[in-house]
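Note sheet for the following structure.
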Amino acid sequence: MNMLDSELVVASLRKDGYELTNSVREADTILYNTCSVRQHAEDKIYSALGRLKNLKRRHPDKVIGVLGCMAQKDQGLIFQRAPYVDLIVGPGQLHQVPALVREIQQQGGQRMEVSLGRKEGTRVEIERSHESFDPLRDPTMRPTPFQAYVRIMIGCDKFCTYCIVPSVRGPEQSRPPADILAEGRQLAGEGCREITLLGQTVNSYRYPNGERTWRLSDLLEGLHAIDGIERIKFVTNYPKDMTDGLLSAVRDLPKCSKYLHVPVQSGANTVL
C-alpha cells in the first residue's frame, strides 16, 4: 500500500516538473512516506527527521514533509517534535502534495492536510475526507516494469484490538469496478504483465452497481479478460470475508496465482 502511495506521489510531482535525486543535500523537497503499524517504524522517522535539523538550518528553502499514516495519527505533534518540518499530509490527501509544496515555496509557513477522525463527522463526511484514488501512475517506481499494484479499496471497519489502520486509513470503501478495469487496461498497455490488487482487507471488496453488487471474484474475472495481463494476485485477505465464489475464481481462472495471502498476527495471547 505504501509503495503504491509513493508511486502516485512521485507521478504527480513529476507532472509538476520534479525529478528524483539520490542526494538529500541536492533535493529541493524531502518527503517521508510513513507507516504506523509498528512503533519502530515511527521511531525511525523521527530519527531521520532529527538528522535533517542542521541541513534545514543551513538551507531554509528546502521543503521537508511527512506523509502517510504517521502524519494522520500524530498530526501537529510532528511540528512540535520537529518544528522545521514544513508539511504534514495524511493518506487521503496525497494528491494535494504538489500544490501544497508550491504554496510553501511561494508563501512560506507550514501546511497540514489530514482526514477527519472516525468520530469527527458523519460516515459520508469521513469517507470523503479519506478518499484519494489518484489515477497517475509512474512505471519507474514499480518493483519492475512488468509488475504493478492496483488499489481496489481503502480503509477498514474491522477494528482489531491491536491495529491502528481503521483510525489512520478511515472507513472501508470500495473503488468503482469500471475505474479498476480501466486502470488494468492502462497498465497492460504500458507493458505490465502482473498486477497485485490491494486493500486493507482486499476480499472485503463490495461495490453496488445497479442491481448487481461486485465482489472481488467479479473483479478477477474482469481483469482476467484483459489482453496482456498474465498474472493476478491480491493482498491482504480477511478470513471472515472469504467466499466460495472467490475460492472458485482462484481455482478456475488460469491467470490467478494459486495462493491466498492470509497473514497471521503474532504476539501476546492477551493482546490477540
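Laboratory data are not the source of any read-out in this text; all were calculated from the coordinates shown. Keep in mind that what you see is a predicted model, and the values were worked out from it rather than measured. Please note: Cβ atoms are built from the backbone with ideal geometry, for glycine as well, and neighbour counts cover all protein chains shown.
What do you get for the angle between helix 177-189 and the principal long axis of the chain? Use alpha-carbon atoms, 0 to 90 degrees, nearest ten.
Once rounded, one gets 80 degrees.
Give the list, by residue number, of cysteines in the chain with no other Cys Cβ closer than 4.7 Å, or say none.
C35, C69, C156, C192, C256
Mind pulling the angle between the C-alpha long axis of helix 39-50 and the longest principal axis of the chain? Nearest 10 degrees, somewhere in 0 to 90.
Approximately 30 degrees, to the nearest ten.
For M242 paired with R51, estimate the spin-label separation in nm (one decimal), with each label point 7 Å from Cα along the Cα-to-Cβ line.
Rounded to a tenth, the inter-label distance reads 4.1 nm.
Say each of L77 and A182 gets a label point 7 Å from the Cα, pointing the same way as Cα to Cβ; how far apart are those two points in nm?
3.9
Order by neighbour count: L67, L49, L55, L77, fewest other Cβ atoms within 10 Å first, most last. Write out the running numbers ahead of the final one.
On the way: L67 23, L49 19, L55 15, L77 12.
So the residues, fewest neighbours to most, are L77, L55, L49, L67.
Could you list the residues of the range 204-239 with an amide nitrogen less than 15 Å from a label point located 7 Å from the Cα of E190 in the Cα-to-C-beta direction?
Label zone hits: 229.
When the chain is fully extended, how far beyond the present Cα-Cα distance does D43 get from R123, taking 0.36 nm per residue of separation? Write out the running numbers ahead of the final one.
Working: separation 80, 0.36 × 80 = 28.80 nm, distance 3.17 nm.
So the chain would gain 25.6 nm between D43 and R123.
Where does the longest stretch of the chain lie that holds no trypsin sites (Lys or Arg not before Pro) found in a DSSP loop with 10 or fewer other Cβ atoms within 10 Å?
On the way: sites that count: R25, R38, R51, K119, K258.
It runs 120-257.
For K15, go through the lysines and keep the ones whose alpha-carbon is under 26 Å away, minus same-chain ones fewer than eight residues off.
K56, K62
Alpha carbon centre of the range 221-248 versus the range 41-82: separation in Å?
Comparing the Cα centres of the range 221-248 and the range 41-82, I get a distance of 38 Å.
For the range 1-113, with only Lys/Arg (+1) and Asp/Glu (-1) charged at the beta-carbon, what is the dipole magnitude about the Cα centre, in debye rounded to 20?
Details: 15 positive and 13 negative charges, 86 e Å.
Charge dipole, the range 1-113, about its Cα centre: 420 debye, nearest 20.
Build a GNM of the chain with springs between Cα atoms under 10 Å: which of N237, N209, N33 gets the top mean-square fluctuation?
The residue that fluctuates most here is N209.
Excluding residues fewer than 8 places away in the same chain, name every one of the aspartates and glutamates whose C-alpha is closer than 14 Å to that of K53.
D61, D86
From a point 7 Å beyond the Cα of N209 in the direction of its Cβ, which residues of the range 215-233 have a backbone N at a distance under 15 Å?
215-226
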